[in-house]
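Visitor: Sharing a structure with you now.
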Amino acid sequence: MSHTKLTNKRFSAICFFLSTIWIATAQTTLKGKISDYTTNRPIPFTTVKLWEAAIGAVADEKGNYVIDGLKPGIIRLEVSFVGYERKVTEEINLRPGINYFNIQLQQTSQTLSEVKVQANTFRKPEETPLSFRRIGISEIERSPGGNRDISRVIQAFPGVGSTVSFRNDLIVRGGGPSENSFYVDGIEIPNLNHFATQGASGGPVGIINADLIREAEFTSGSFPVNRGDGLSALLDLKLIDGNQEERKYKATLGASEVSLSTDGPIGKKTTYLASARRSYLQLLFGAIGLPFLPTFNDVTIKTKTRIDEKNELTVIGIGAFDVLTLNKDAGDTPDKKYILGYLPYNDQWNYTVGAVYKHYVKNGFQTLALSRNHLNNKIYKYLNNDESSKANLNYDLVSDEVETKIRYEHAMRLNRYKFVYGAGMEQSTFNNSVYQQLFVNNQKLIIDNTSSLGFFRYHSFAQFSGQSNNARLNLSLGIRVDGNTYSADMSNPLNQISPRLSGSYQISDRWAFNFGSGIYFQLPAYTTLGYRDENKTLINKANHISYIQSQQLSAGLEFNPVNHAKFTIEGFYKNYANYPLSLRDSVSMASKGGDYGVFGDEPVASSSKGRALGLEMLARWTGHKGLNFIASYTYVRSEFDNGNGIYLPSAWDNRHLFTLTGSQTLPKNWLIGLRWRFVGGAPYTPYNEELSSNIEAYDLKGQAYLDYSKFNSLRLKNFHQLDVRVDKYYYFSGWMLGMYLDLQNAYNFKYQGQPFLAKKLDSNGSPVLKDATHYELEQLKNESGTLLPSIGLMIEF
C-alpha cells in the first residue's frame, strides 16, 4: 500500500472514531469594548452583531459589549453607531470559553446626500488606496500548501512571485527578496524567516507562529511615509491580544514542527501571549536519507498593558535559533554527493525586542516605539567536508548585525482630514570576521579580515490626507527624508527626499479609481556596506555607494458588487536607479539574494538601473456562505542593466503568475480547500564549463561557475502545482480538537530545474580527471516535486 493511501486511511479512521464520541454542546462568550479610533474614548450604546446574522448586542454606557451563546469558530462582527463609519471587523477566532475582542471606530463626516460606501470586508487606509490586502485568520491558518506560514499565504495575491525551491523568498512586482520590510505590532523585524539569507530576507520557514497572528496587512505599492527602507513590499503583522479573564493553551503538531502557545491575564491591566516551537525536520530528513539536517526553534512573547483610557504599552520579543548540519552518511548517489560538496554548516540566531507606548491626546494619539534586533550568523565549509586539517578550510564566517531604533509618531484627525508626522533614529552596528578562498580572474583570491562598522541612521516624515466635501475624492500627500553617518555620500537627507501622492475617486457606490505614486529609497545591505577586500579596504565606501532609488507609479479600477466580493485591475511601473552592480560579474544585485548563505558581500558600484512593469487582476470573495476565494493573475517584466546600458531579464522575470485559492466551510465543522499555482519559467544563466572544470576553481566553491557573459539567456519551463487540504474541528465543552490533511503537489508534478554540473566520479567515488588540472564534468538531473501528504493536530483549551 502506498504511503499516501495509508495516510488518507489513518486520517479518515481518526475522524470516524471521534465522530462516534458524544460531544457536549460547546458554547462561547465574546466580550469587548467599543472605542473611538482617534481618542480611545468609549462609544456607548453601539450596535454589535455577527456579520450576516441577527445575533448581537448593544454596548453599555462604557462601551462594553457581551454576546453569549455563540458557537466556537471563525466569525466577523458588524458594528455601527451614528456619526461613525459602519465597520465589518477582521476575522475573530472564537475559542471555547470566554473571548475578548476590542473594536475601534472612525468618525465619519458624510451627510445623507453624499456618496454612501457600505461597510465591507475590504477596508483600506487613506494613504494606501490600492495595492493593499488584508489577510485574515482563516486564510493564514488553513491555506492549502501554506504550511501555516504567512510568506507562503501571500503568494496567492497578485504581484507576488515565488521560487519553486523550499524557500519563502518574497518576490513582489519584479523586485528581489531584499526589497521588503516587515513589522510586528509596530516593531520592525529585519528577519522573518529561519535560516535567513543574510543581507536579504528569504528562508525556508517563517519565524512567526500562525496561532498568534490576528491579521496581516500586505502592501505592494503606495507605501505610507512612516514605513521606510522598502522598495517592493511591506508586511505588517498584527498579533492577537491575550485573554483578559482566563488562561488559554494551544498545542499544534504541524507538517514540520511542534508548538505550544498560551495567553491570559497578568493582573487587571496586563495580558500576555507566549509561544515556543521546535522543528522535527532533522529527524524526518535523516530517516529518508537527505544530505542536510535542519533544526529550527523560535519563541514569541507579547504583553499589553492598558494603563488607563489614555495610555497603553505593548512589549514584544521574538527569537529564533537555527542549526543546519550535514548528513554525511546520505551521500550514496551523485546528486547527494554533489549537495554535500557545496552545502556549508550554518548556525544562526536572531532576536527582536521592542516596546510601543501609545498615548491618546485630543483628536489623535502619539506613538513611541523603541526596539533592538540582533542577527548572529556562523557559516563554515571544508573541502570535501574534511575538518582534519585547517588547510581544507574554504570558508569561515562569523557575522553580527545589531540595530537599536527609536521612532516617534503623532497622528491627528479633524473631520475630513488626517495628519501624521514623526521622526526616528537608529544605531547600526556590523561586525564581520571572514576567511574565504575565491577564484577570481583565473586565480585564487584569499579574503582574510575583520570588519567593524558603527553609524547612525535618521529619518523624518509627514503625511496629509483629506476628503472632498462630497466624499467622492480622497487624496494623500506625504514626504519622507532619510540619511546616515556611514559616508558623506548618504549623510545629507535632502539627497533622499521621498515624496508620495495617492488618491481614490469614488465613481459610484460600487466603482472606484485608485492611484499611487512615489519615490522610495533603501539602504544597501550591511554585508555590502561593511565589505572589505583583500587589502582590508572598505571598497564599496570608496566606490561611493549610495541609497537605492525606485520611482513608482500604479493605478487601477476597483469594483465591489457586494460587500464580500471585490474585483480589481491595476497597472504598475517601477524605475530603479543606483542599484549596486557587482564588479566581479557585472550583474545587478537586484538578481541575487534568492539562495542560502550571505547576500551582498562583494565589491559593487551604485551604477545599475532597472525597470519593472506589469498588470495585475484580482477577484476575491471573503467569508460569505463559508466561502473564501482568491483568483489572481499577474503579467510582470523585470529587467536590469549590466553596467553597459544593456537591459537583461532579472532572476524574477517570470512573466506570468496565476494563483487560484479557495476554501469552503461545510456542515459539522468540516472545511475543504485547494490552491493551484502557476509560475512562468524563470530565466537562468548557462555554466562556464571551462572554468568549472578547473580543479582549483571547482574545489574552492564545490559548484560549477556560471557564464555571466550569457546572463539569463535561457529560460526554464513553467511550474505549476495543486495543493489540497481538508480540516475537521471538534468542539467539546471547554476545549477543541482540530486536525487537517494537507496534500502538497497533489498530482505529483515533476519540475525540471537547471541541471547541476558536477565533477564526474568513478565507481570508487573518486573524481575523474580530464587532465592534470581539470575535472571531467557531468550533468545531474535537478528534479523537484513529489506528492507530500502531511497530517496536523491542534488541541486548544
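Visitor: If you count, for each residue, the other Cβ atoms within 10 Å and average over each peptide, how do 611-617, 471-477 line up from highest to lowest?
Guide: Most protected by this proxy first, the peptides run 611-617, 471-477.
Visitor: Choose one of PHE182, SER162, GLY203: the residue whose Cα lies farthest towards the positive end of the charge dipole of the stretch 147-228 (beta-carbon charges +1 Lys, Arg; -1 Asp, Glu; about the Cα centre).
Guide: Toward the positive end, the furthest listed residue is SER162.
Visitor: What's the extension gain from ASP386 to GLU246 if we count 0.36 nm per residue and subtract their Cα-Cα distance?
Guide: 44.9 nm is the gain from fully extending ASP386 to GLU246.
Visitor: Out of all DSSP beta bridges in the stretch 113-243, what portion is antiparallel? Express it as a percent rounded to 5.
Guide: 75
Visitor: To the nearest 0.05, what FRET efficiency results for SER80 and PHE464 with a Förster distance of 41 Å applied to their C-beta separation?
Guide: Efficiency computed from Cβ-Cβ geometry: 0.90.
Visitor: Could I ask something else about it? Eigenvalues of the Cα gyration tensor times 5, then square-rooted: what semi-axes does that give for the stretch 113-212, in whole angstrom, largest first?
Guide: 27, 16, 14
Visitor: Need one number: nm distance between label points at ALA287 and PHE732, each 7 Å from Cα along Cα→Cβ, rounded to one decimal.
Guide: 2.6
Visitor: Over the stretch 237-324, what number does the Rg to Rh ratio reach, with both radii from the alpha-carbon atoms and Rh per Kirkwood?
Guide: When Rh is taken as the Kirkwood radius, the ratio is 1.15.
Visitor: Which distance in nm do the two modelled labels at ALA276 and PHE45 give, with both placed 7 Å along the Cα-to-Cβ direction?
Guide: The modelled label-to-label distance comes out at 5.1 nm.
Visitor: Here is a follow-up. Could you sort the peptides 403-416, 574-587 by per-residue average Cβ neighbour count (10 Å cutoff), highest mean leading?
Guide: Highest-to-lowest ranking by the protection proxy: 574-587, 403-416.
Visitor: While we're here: Report, in degrees rounded to the nearest 10, the 0 to 90 angle that the Cα long axis of helix 3-19 makes with the longest principal axis of the chain.
Guide: 20
Visitor: In percent, what relative contact order does the chain have, based on Cα pairs under 8 Å that are 6 or more apart in sequence?
Guide: Over the chain, the number comes to 11 percent.
Visitor: Separate question: Between the DSSP loop rule and a limit of at most 12 other Cβ atoms within 10 Å, which trypsin sites (Lys or Arg not before Pro) in the stretch 615-721 are left?
Guide: Passing sites in the stretch 615-721 are LYS717.
Visitor: Sticking with this structure for a sec: Contour minus end-to-end for ASP68 and ASP329, with contour as 0.36 nm per residue of separation and end-to-end as the Cα-Cα distance?
Guide: 88.1 nm
Visitor: Filter LYS87/LYS250; LYS33/LYS574; LYS328/LYS592; LYS248/LYS358 down to the pairs with a C-alpha to C-alpha distance above 32 Å, please.
Guide: In this structure, LYS33/LYS574 lie more than 32 Å apart at Cα.
Visitor: On to the next question. Using a Förster radius of 22 Å, what is the FRET efficiency between THR29 and ILE301 based on their Cβ-Cβ separation? Nearest 0.05, please.
Guide: With a Förster radius of 22 Å, E is 0.25.
Visitor: What number, rounded to the nearest 500 deg cm²/dmol, is the helix-based mean residue ellipticity at 222 nm of the chain, given -39500 (n - 2.57) per DSSP H run of at least four residues and division by all its residues?
Guide: -2000 deg cm²/dmol
Visitor: Using a Förster radius of 35 Å, what is the FRET efficiency between LEU557 and TYR647 based on their Cβ-Cβ separation? Nearest 0.05, please.
Guide: After rounding, the FRET efficiency stands at 0.75.
Visitor: Keeping all protein chains in place, calculate the accessible area per residue for the stretch 675-797 (probe 1.4 angstrom), answer in Å².
Guide: Per-residue accessible area for the stretch 675-797 comes out at 46 Å².
Visitor: Next question, about the same structure. Taking the Cα centre of the chain as origin, work out the dipole magnitude from +1 charges on Lys and Arg Cβ and -1 charges on Asp and Glu Cβ, in debye rounded to 20.
Guide: I would put it at about 2200 debye.
Visitor: Round to a whole angstrom and tell me the spacing of the C-alpha centers of the stretch 31-92 and the stretch 173-236.
Guide: The two parts, judged by their Cα centres, are 31 Å apart.
Visitor: Just going by the charge dipole of the chain, with Lys and Arg at +1 and Asp and Glu at -1 on Cβ, which of GLY530, GLN107, SER784 is farthest out on the positive end?
Guide: The residue sitting farthest along the positive end of the dipole is GLN107.
Visitor: Once you compute Rg and the Kirkwood Rh from C-alpha atoms, what is the Rg to Rh ratio for the stretch 552-710?
Guide: 1.13
Visitor: So for the pair LEU453, ASN492, with labels modelled 7 Å out along Cα→Cβ, what separation do we get in nm?
Guide: That separation, rounded to one decimal, is 2.2 nm.
The values are calculated or read from the model by the stated rules, or taken from the named source; none is laboratory data. Please read all numbers here as calculations on a predicted model, not as lab measurements. Here Cβ is always computed from backbone atoms with ideal geometry, including for glycine, and neighbour counts include all displayed protein chains. Side chains are part of the model used for accessible areas, which takes the heavy atoms of the whole protein and leaves out ligands, DNA and RNA. Shrake-Rupley method; radii C 1.70, N 1.55, O 1.52, S 1.80 Å.
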